[in-house]
Structures are given as structure tokens and as C-alpha cells.
1. Can you work out ³J(HN,Hα) from phi for every residue in the range A:177-182, in order, using Karplus 6.51 cos²θ - 1.76 cosθ + 1.60 and θ = phi - 60°, giving whole Hz and x for Gly and Pro?
2. Give me the inter-chain shielding for A:194-201: mean count of other chain Cβ atoms within 10 Å, whole number please.
3. Can you return the lysines within cross-link range of A:Lys52? Criterion is Cα-Cα under 20 Å, with same-chain partners fewer than 8 residues away left out.
4. Could you check how many percent of all C-alpha pairs in the range A:1-88 are farther apart than 17 Å?
5. Cut-off under 20 Å on the C-alpha distance; same-chain residues fewer than 8 positions from A:Lys152 excluded. Which lysines are left, in chain and number order?
6. Could you work out the equivalent-ellipsoid semi-axes for the range A:133-213, taking the square root of 5 times each eigenvalue of the Cα gyration tensor, largest first, in whole Å?
7. How well do other chains shield peptide B:30-37, expressed as the mean number of their Cβ atoms within 10 Å of each residue Cβ?
8. To the nearest 0.05, what FRET efficiency results for A:Leu193 and B:Arg110 with a Förster distance of 25 Å applied to their C-beta separation?
Amino acid sequence: MNDSNGEFESFRTNFLRDINRVSDNDRNSRKRGLQKLLDELPWNDKNNNLLKQLILSDILSALYPRISDPVEKCRELCLKCFYKVVSGNFLPVPVAEEAITCLCARLDDIPYPEQVEELRLQILQIILITLQKLSQPITPTLANKVLSAVGKSSMDPFPSVKKESAEILSLICRLCPSSIRFHFKSLLKVFTLNCSHQHSKIRTTTIKVKLIY
Amino acid sequence: MKWVSEEFESLFKDHLQALLLKLINDQASSCRSELAVLLGSTVCSRFSIHRQMVEDFGTSSISTTEISNATDSPELLFMISLLLKLAADPAPEVAEQARKVRGFVQTLVRRLFSKYILRFART
């Protein structure tokens, strides 16, 4: 037990400086901290328990405030780290749900709290991959949060965001169809608009979402 | 959303019907093809049958009670009419998607039609 604790402490020490820099007041320091974490953590080693432990104990709490960082580059790097975290399957279900809730908040208003369209797309990609990897059925509360955010992101002028939103909706329709009921009316209005979109791919992706069951 | 509800009926009249009519004339065949898939699945789901079952085993047996419940659904009849129209689409990929469930739809039409005839004969 002591050995594994010691092993974790020495692993943690290697990255503690960069983790602390992520919360620094100086924007360049935050940027460098995030970049270093992105470059130097062993993200590809998906069975690395030390990394999993470090993510849950230190990294996530440092990343959450950076989702709404005033500096665009910091938000971008933070989302890249998040993408690595969720695609590596490092999150237990309650933590994944918390992460989705935080990310949804960046889309759940108009004008969007996240102003950069590429970052909105990145947020949706992270939500999609997290939902796909959830090992438990999605709870109605979480489904409602996602549906509310995705209903708004479906109105995004950026076509790729519309497409990604439709993919997420399609998944929610499969995972938790009963939650659609409360959002059906608003979603239908957005979908009617998207079905008239000039890109046929957007129209096709919109039709693929099976709202009725 | 479950499509057997009063709320759904009004939404269908107000929004969905016009949307489906617009989509059936979409210039992109990929959209019409996706619409055929959607309509096929939706009609099958009305009878709690998975579309794949209908595709794999042809016409499934539908109980008389289920037919009776569906007879008064203008939404179902509307979707069936769109599916039959898509089965004659000039684009082969669209027609193919609609024809995958055509046997099932035709059986439905026959059963619905005979029920109407019977009802008409009684009055």
C-alpha cells in the first residue's frame, strides 16, 4: 500500500508544477502549464492507474475553471486535455456526468457563452465521446441537460456544430428516448429550420435523428 | 417522443406534416433515402416491431387489436402514403429503402382497407 502511495507521489511530483501553473493568474503561465500537461502526460497508456489517479485527484479540478478561461488558447488547450481524458476512458460515471454538465453550460444560452465556433464543436465532440463511453444508462437529469444544450447548439450557424449536435441527439434518442418528450417542441422547431439548410449533409443528418418512437 | 398522444397529434398537424411533405420533395436523394428509412422505422415502431425484423422476415403478423388502434390514426395513414410514394421514387437508392418495408406496409394497407370496407358495410 505504502509502495503504491510512494509510486503515485513520485509520479504526481513530476507534474505538480504544471498542474499548479494551470491555475496561475498569468495567462502565459496557464498556457504553458496546459501545453506541458497535454504533451507530457502518458495519455496513450490507457491502463495507467497512476495517471487515472492523478486525473481524479488533481488534473480535473485544475481543468474545470479553464473551460471558461478568458483566454481562447487556454480554453482550447483545456478542451484538448479533456478530450484526452474522456477518450482514454479515465473517468468513472459520476465524474463523467459532472464533466458533461460543465461542458453543456458553455452552450446552454444564446448568445453562446463559448464564442468560438471551433471550440463549440470541440465541446460537442467531447460530450459525444463521453456519452458513447458511459458504461451505465444515461440518467434523465443528465439527458435533460444535454438536450437543453444541444437544442441551442443545433441553431449554431457553423454547419459542423449542427451536424455534431444531431449526432448527439441521435444517441440520446437511442439511450434515453423518454427524455425527448419535454424538449420535443423546441427541438422540432430547430429541426424544421435545419431541414431547410443549404447543405444536404446537414439535412440528411437532421433526418437521421429519430425523435419519434 | 411517443407518437400515441394528443400532444403529438397537434404537433404533427402544426409542424411535422408540412416538414415531411417538404422533405419528400427534397432535391438530394440522400435526404429522401434517409427519410424512407425514418418513415419505415417509425411505422414499424407504431406496431412495436423492429424495422430489421420486417426487413429480414418480410411481413410480420399484426394483431387485429393493434390494427384497430391504428385505424383511427391519420398520422399513420399519412406516413404510409409517403412511404408508398417513396417506393416509386426515380432514385433507386430511395426506392430500395422504401421497398424494404413495402410488404409490411402493403399488408397494413390491405388490413386497414378491409376494416374500412367492413365499417362502411355495417353503416
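Every number in this text was worked out from the coordinates using simple rules, so none of it is lab data. Nothing here was measured: the structure is a model prediction, and the numbers come from that model. No Cβ is skipped: glycine too gets one built from the backbone with ideal geometry, and neighbour counts run over all protein chains shown.
1. Listing the rounded values in order: x, 5, 6, 5, 3, 6 Hz.
2. 3
3. A:Lys36, A:Lys80, A:Lys84, A:Lys133
4. 44 percent
5. A:Lys162, A:Lys163, A:Lys185, A:Lys189, A:Lys201, A:Lys208, A:Lys210
6. Semi-axes, largest first: 21, 12, 11 Å.
7. The mean count of partner-chain Cβ atoms within 10 Å per residue comes to 4.
8. Given R0 = 25 Å and the Cβ-Cβ separation, E is 0.05.
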